[in-house]
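Everything below concerns the one structure shown next.
The values are calculated or read from the model by the stated rules, or taken from the named source; none is laboratory data. Just so we're clear, the structure is a prediction, and the values are computed from it rather than from any experiment. Please note: Cβ atoms are built from the backbone with ideal geometry, for glycine as well, and neighbour counts cover all protein chains shown.
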Amino acid sequence: MMLTDLTRVLGLWRARSTWLWSGAIVAVLATLAGVALLALAGRGVSEGLRTGALTGIAVGSLLLLRPLIFVRPASRYLERLVTHSATFRALADTRIWFFRRLAERLPGGIGHRGAGDLLGRLVADVEALDGLYLRALVPGVAALAVVVAVAVLLGFAGPGIAVLVALPLALALLLPPLLAPGAARAAGEVAEAQGALRRAAVDPLLGLEDVLAANAEPRAAARLAESGATLAETQKRLARRAAWGGAAGSLLAQSALFAALGYGLAGGPGAVGGTIIGLFLALAAGEALAGLPRAGAALAAAGASARRLFDAADTPPPVAEPTTPAEAPRGHALRAEGVRFAWAADREPVFTELNFDLPEGGRLALLGPSGAGKSTLAALLLKLAAPQEGRLLLGGVDIAELPADAVRARIACLTQDARLFDDSIAANLRLAAPEADDAALWQALDRAGVADVVRVLPEGLATRCGEGGARFSGGQGRRLALARALLAPADILILDEPGAGLDPEAERAFLETLETATAGRSVILIAHRLLGVERPTRILRLIGGRAMAAMG
Amino acid sequence: MSKPPPAEAASARALLSATARQGRSRLARPILLGLASIACGLAQAWFIAHLLAALLGHGSAGWSEFFAAASLALLSIALGVAQERAQAAAGAAARADLRRRAFDRLLEAGPADDRPVGERSGLVVDRIEALDGYFSRWLPAAVLAAAGPLLIACVVAFEDPLSGLILFVAGAMVPVGMAVTGIGAALASRQQFDALQALSGRFLDRMRGLPQLVLFRRQEAEAQALGQAADELRRRTMKVLRVAFLSGLTLEVIAAAVLGCLAWRHGNLLVGGHPDPAAALFCLLMVPGFFAPLRAFSAAYHERMAANGAAAALAPLLAAPDSEPGLQLAEIPPTVVVTFEQVGLTYDPARGPALTDLSFRVMPGEALVLAGPSGSGKSSVLRLLMGFCRPDGGRIALNGRDATALRPEELRRLSSYVGQKAHLFRDSIRANIAMARPEASEAEIEAAARAAHVTDFASSLPEGLDTMIGEGGLGLSGGQAQRVAIARAFLRNRPLVLLDEPTAHLDPATEGELLDSLRRLCAGRTAIIATHSSALRARFGRVLELEKGRAGLPRMAGE
């Protein structure tokens, strides 16, 4: 499972393979240079001591040492720069991929997953993937190169010493995959606890007014402290595992060193040459391989993060895209034929037999009590959900056969929960029409009855809205969202309770100008009552999952 | 590169050192264990040097030295494990304390702190977690990086004075090199944190509005904007790292130079026949051990920079002066008379005042409807009574006493409140109602649910009142969510009722059902209701028209 997930992550990074490979190659060079440095110094001095003079091998070793004194630091610095740059590039790709997937798979919002939790996933999990490359793959490749180099060099001194020293070092290479599953469990618990901690912080902050109104601050703080304690406990378990993993790595490195010594003690004078080089190679390799046990933890952490990312990203899309999309229709008359829909199999159906017609330029008022499913119709028309039975036709074509994008290009919607982003008013409006000029923005603001409010702001259209439009009153924010919907160059406008949050005069004033504001487009007006100024061409009342024609 | 204000950096340092002082005993344990492990390494290297010298034909040593060295190796490994475990425990207590204090401050500030939720939650989650490395890795590593190499250099000097001197000089150069390269890195680290924070804030904002992006087909454009933001983050981070890695480079240069010097020193000694071969080997064998604490320090150096950045962001929050104590309520009075005398309120001078010279009085059993166009200051009146903000002028009195003398949370104990956008927490419907008064009995909760007509829709849900509802209330319509919020007000049962557009999202039929319950909620209590609804105005007699924060003429409904 972990292997598949990590392979899939590597697949996402394929576009960056040049960067990633370059980093690994520089890392191998830097590590080998480090090993050579210590081994040559040790060998030079030892051989000198053996022969009692600075000649032959001793001189050769010490001469070779000189360039390495410069190569080693330079290559190490380069390694760190290249590997980090490669990682950031790869991670940026992952982040965008994930965002796109969620837009495709969870277009209706995040609901039960919770925004705080998702944010944690997105930022922390994507970032944790850096461990896969920086702390697992790169040190792994470098360590493998060291073990191979040690085995080959000692092979010249004798097969016995080669096996004795290289075998424990090779075993150390197996540590990351061996330690990973256990570390994965521990890391999974940490991530779980971190998500819970974030939820415990985000949820009361999102509903801060309600928390304060209920004097629930002590309870929110207690919940946060409890989540913090759970997190600390899981982190402790993870640290304990890491400590034992590190001990296993040290044990193997020391075994190689003592194997070289033991070989010399047992082998007599003939074995001394092999012992010297074996001993210093083992010492240097021990330093190079010290990061391997940590690689297991990094592998595990990356695996757990990858799993959670893919879990969210693999949510099946609510409405599958048609395999062979129909050609976009010219007209935009709407028609519902025997639509049946329930949000879940165990929930009451919202529509049992919904039929209606909306000719081009028509204005349909859809009335009904709250919870009757008026907003659900918008979700169906916008392909955020698909009817279980029946068809919805746009210009005579079943929208199931049209790509969601094509449908949404024709139908714009002011939803009940239309959010403003923490960006300027202009940027918020241009979501609906990126090319719109300022005059068009003012026109939309005018039609939504909010132009006067914006006009007196010192920064005008450049005023930031704050998170969720927090800088504006509920009614002002609602009218900005309305202006955004009116700006959209769509043939059909769905206005879901456009008057909610507006004072009666403003609501009446807007609905009176509905006809000019929507400028000849088809309109579906969703409301629980009519004020009598809307002049709809058709009125439907939703009762028991059916639409009944009603008199104004 | 912009410099953080020195005062800010100083307060960050003060925060870190104050916290470290508090946990001193816990922080000392990993350091002592680390020193013991280094001592073991020294002894082990001494035995191995003598063994190797014997193999090379100088002196005598055998299997007994071999086993002594091996036992020391095992002991050193065991000490290392103990050290790591002690380190992990060191930071946990410090973080828990800081997190509690930071979160208390955020709750205290309430809606007045208008930073995005992602940024504020980042303070108590990511920033606090970023401090962990400071206590559990950087502090022990810093002490060991000074004490460990010093110990080794002294022992080596005892064997061969010049080699000891080489190590000593190298050891002294490492912190100098790091300090020179580290200063720039610390500055850049803050910028990187700010970029990361901005990316988080942007993500939460865009994720919460994902449906809007999808409906306006802007998801692709936003993905690209996101890519640019990530690119920006990478550029900034690489700028940090180019400097930060210089401290690592310094260390590598010094380590390579030490090996070169030692090889040169003992190579030269060879010419005249080496006086002490075992000492020569001991010096070389100790080189990795000498640099290990320095490497650990170098690796942990980033932890300190990250912690400094985090502490700089946390310090203003934690260092803010304590809110003025304010009075506590001895008990909740059975009735409340609310009096506003010439009250003025301004959020932002650029936008003009929200309330000007507003005066009114509401008696127990009376309901005052605040009417007027959006932005006229209706909600501001309620926010003042909730203690979310304080008046700039005039006087608010409750039963004749100054309301601002009370602590905000004490002021809130007097009232039941339903805001404009009620938040449903990730929990069951029952728990969402019960939060208004946790000590309430099951029967009371169900009575409140019935009174607010929550039971009407909850009974058709598979798990009734125990149905889980998500953040923002998934599965509940706007009207249903508002009913849950109204049920909270019923359950809370306080003398003052504050309602902000309680029926804004309800259709006339549902509103009608609720009107009677709202009347019952207000009966015998003091009620202030901000609303556009004509039905509400008709049902509650007294209306105060607000126009740009000023009171119009009071009038009765229907006039």
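Which members of segment A:182-223 meet the condition of being over 26 Å from residue A:306 (Cα atoms) and under 24 Å from the mean Cα position of the chain (by Cα)? Scanning segment A:182-223 gives A:204, A:205, A:206.
One line per residue, one yes/no per condition, for (1) under 30 Å from residue A:100 (Cα atoms); (2) hydroxyl-bearing (Ser, Thr, Tyr); (3) more than 31 Å from the chain's Cα centre (by Cα); (4) buried (at least 24 other Cβ atoms within 10 Å of the Cβ):
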{"site": "A:256", "(1), (2), (3), (4)": "no, no, yes, yes"}
{"site": "A:260", "(1), (2), (3), (4)": "no, no, yes, yes"}
{"site": "A:269", "(1), (2), (3), (4)": "no, no, yes, no"}
{"site": "A:280", "(1), (2), (3), (4)": "no, no, yes, yes"}
{"site": "A:287", "(1), (2), (3), (4)": "no, no, yes, no"}
{"site": "A:300", "(1), (2), (3), (4)": "yes, no, no, yes"}
{"site": "A:307", "(1), (2), (3), (4)": "yes, no, no, no"}
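Only one entry of B:426, B:413 meets the criterion of being under 37 Å from the mean Cα position of the chain (by Cα), within 30 Å of residue B:344 (Cβ to Cβ) and of a type in the set (D, E, K, R), and that entry is B:413.
Assess whether residue A:92 counts as being more than 30 Å from residue A:316 (Cβ to Cβ) and either in a helix (DSSP H, G or I) or more than 42 Å from the chain's Cα centre (by Cα) (or both).
no
Within the option set B:257, B:221, being of a type in the set (Gly, Ala, Ser), over 28 Å from residue A:76 (Cβ atoms), at pLDDT 80 or above and surrounded by fewer than 19 Cβ atoms within 10 Å (Cβ to Cβ) holds for one residue only, B:221.
Residue pairs whose Cβ atoms lie under 8 Å apart, separated by 6 or more positions or on different chains, with the first residue in segment A:477-489 and within 9 Å of chain B (Cβ to nearest Cβ) and closer than 19 Å to residue A:467 by Cβ and the second surrounded by fewer than 24 Cβ atoms within 10 Å (Cβ to Cβ) and among the β-branched types (Val, Ile, Thr), are A:479/A:453. Pairs linking a residue in segment A:33-53 that is in the same structural domain as residue A:257 (by TED's automatic domain parsing) and surrounded by fewer than 23 Cβ atoms within 10 Å (Cβ to Cβ) to a residue that is β-branched (Val, Ile, Thr) and assigned to a helix (DSSP H, G or I), with Cβ atoms under 8 Å and 6 or more positions apart or on different chains, are A:33/A:71; A:50/A:272; A:50/A:276; A:53/B:271.
When B:240, B:271 are screened for being modelled with pLDDT under 85, at negative phi, among the hydrophobic types (A, V, I, L, M, F, W, C) and touching a Ser or Thr at 6+ places or on another chain (Cβ under 8 Å), only B:240 passes. A count restricted to segment A:159-193 and to residues that are surrounded by fewer than 24 Cβ atoms within 10 Å (Cβ to Cβ) and within 29 Å of residue A:136 (Cα to Cα) stands at 23. If I filter segment A:68-88 down to residues being within 7 Å of chain B (Cβ to nearest Cβ) and under 30 Å from residue B:222 (Cα atoms), which single residue comes out as nearest to the chain's Cα centre (by Cα)? Here the residue is A:88.
Output the residue which, of all residues in segment A:97-143 that are β-branched (Val, Ile, Thr), in a helix (DSSP H, G or I) and at pLDDT below 85, is surrounded by the fewest Cβ atoms within 10 Å (Cβ to Cβ).
In this case the residue turns out to be A:123.
Just to be sure, is residue B:416 at pLDDT 90 or above and hydroxyl-bearing (Ser, Thr, Tyr)?
yes
Conditions tested, residue by residue: (1) more than 26 Å from residue B:399 (Cα to Cα); (2) surrounded by 21 or more Cβ atoms within 10 Å (Cβ to Cβ).
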| position | (1), (2) |
| --- | --- |
| B:436 | no, yes |
| B:442 | yes, no |
| B:454 | yes, yes |
| B:484 | yes, yes |
| B:488 | no, yes |
| B:493 | no, no |
| B:500 | no, yes |
| B:504 | yes, yes |
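Mind listing just one residue for me: the one in segment A:455-476 that is more than 9 Å from chain B (Cβ to nearest Cβ) and either under 31 Å from the mean Cα position of the chain (by Cα) or buried (at least 23 other Cβ atoms within 10 Å of the Cβ) (or both) and, of those, modelled with the lowest pLDDT? Looking at residues that are more than 9 Å from chain B (Cβ to nearest Cβ) and either under 31 Å from the mean Cα position of the chain (by Cα) or buried (at least 23 other Cβ atoms within 10 Å of the Cβ) (or both), I get A:469. Restricting B:285, B:251, B:269, B:314 to residues that are surrounded by 17 or more Cβ atoms within 10 Å (Cβ to Cβ) and free of Cβ contacts under 8 Å to residues at least 60 places away in the same chain narrows the list to B:269. Within segment B:103-115, the set of residues being surrounded by fewer than 22 Cβ atoms within 10 Å (Cβ to Cβ) and either more than 8 Å from chain A (Cβ to nearest Cβ) or not aliphatic (A, V, I, L, M) (or both) comprises B:104, B:105, B:108, B:109, B:110, B:111, B:112, B:113, B:114, B:115. Note on segment B:261-306: residues that are of a type outside the set (D, E, K, R), over 48 Å from the mean Cα position of the chain (by Cα) and part of a helix (DSSP H, G or I) total 16.
Which ones in segment B:506-524 are over 15 Å from residue B:367 (Cβ atoms) and surrounded by fewer than 24 Cβ atoms within 10 Å (Cβ to Cβ)?
Result: B:507, B:508, B:509, B:510, B:511, B:512, B:513.
Each row is one residue, and each column tells you yes or no for (1) modelled with pLDDT of 80 or more; (2) touching a helix residue (DSSP H, G or I) at 6+ places or on another chain (Cβ under 7 Å).
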| position | (1), (2) |
| --- | --- |
| B:475 | no, no |
| B:485 | yes, no |
| B:489 | yes, yes |
| B:504 | no, no |
| B:517 | no, yes |
| B:521 | yes, yes |
| B:555 | no, no |
| B:559 | no, no |
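Restrict the check to segment A:525-534 and report whether at least one residue is crowded, with 23+ Cβ neighbours inside 10 Å and under 37 Å from the mean Cα position of the chain (by Cα). Checked against the condition, which is being crowded, with 23+ Cβ neighbours inside 10 Å and under 37 Å from the mean Cα position of the chain (by Cα), segment A:525-534 yields at least one hit. Listed by first and then second residue, the pairs linking a residue in segment B:486-504 that is within 11 Å of chain A (Cβ to nearest Cβ) to a residue that is at pLDDT 85 or above and in a loop (DSSP other than H, G, I, E, B), with Cβ atoms under 6 Å apart and 6 or more places separating them unless they lie on different chains, are B:488/B:436; B:491/B:436; B:491/B:437; B:491/B:440; B:492/B:436; B:492/B:437; B:494/B:414; B:501/B:531. Could you look through segment A:502-524, keep only residues that are outside any helix (DSSP H, G or I) and away from chain B (no Cβ under 13 Å), and pick out the one that is surrounded by the most Cβ atoms within 10 Å (Cβ to Cβ)? Taking the candidates together, the pick is A:524. Touching a helix residue (DSSP H, G or I) at 6+ places or on another chain (Cβ under 8 Å), surrounded by fewer than 23 Cβ atoms within 10 Å (Cβ to Cβ) and assigned to a loop (DSSP other than H, G, I, E, B) - does that describe any residue in segment A:480-489? No, segment A:480-489 contains no residue that is touching a helix residue (DSSP H, G or I) at 6+ places or on another chain (Cβ under 8 Å), surrounded by fewer than 23 Cβ atoms within 10 Å (Cβ to Cβ) and assigned to a loop (DSSP other than H, G, I, E, B).
Inspect all residues belonging to segment A:289-299 and state whether any of them is modelled with pLDDT under 90, over 30 Å from residue B:290 (Cβ atoms) and either of a type outside the set (Lys, Arg) or in a helix (DSSP H, G or I) (or both). Yes. Identification of helices (runs of 4 or more DSSP H) wholly contained in segment B:96-175 with 2 or more residues that are closer than 30 Å to residue A:239 by Cα and polar (S, T, N, Q) yields no element. Let me confirm something: among B:71, B:60, which residue is surrounded by fewer than 20 Cβ atoms within 10 Å (Cβ to Cβ), assigned to a helix (DSSP H, G or I) and hydroxyl-bearing (Ser, Thr, Tyr)? Just a single option satisfies the conditions, and that option is B:71.
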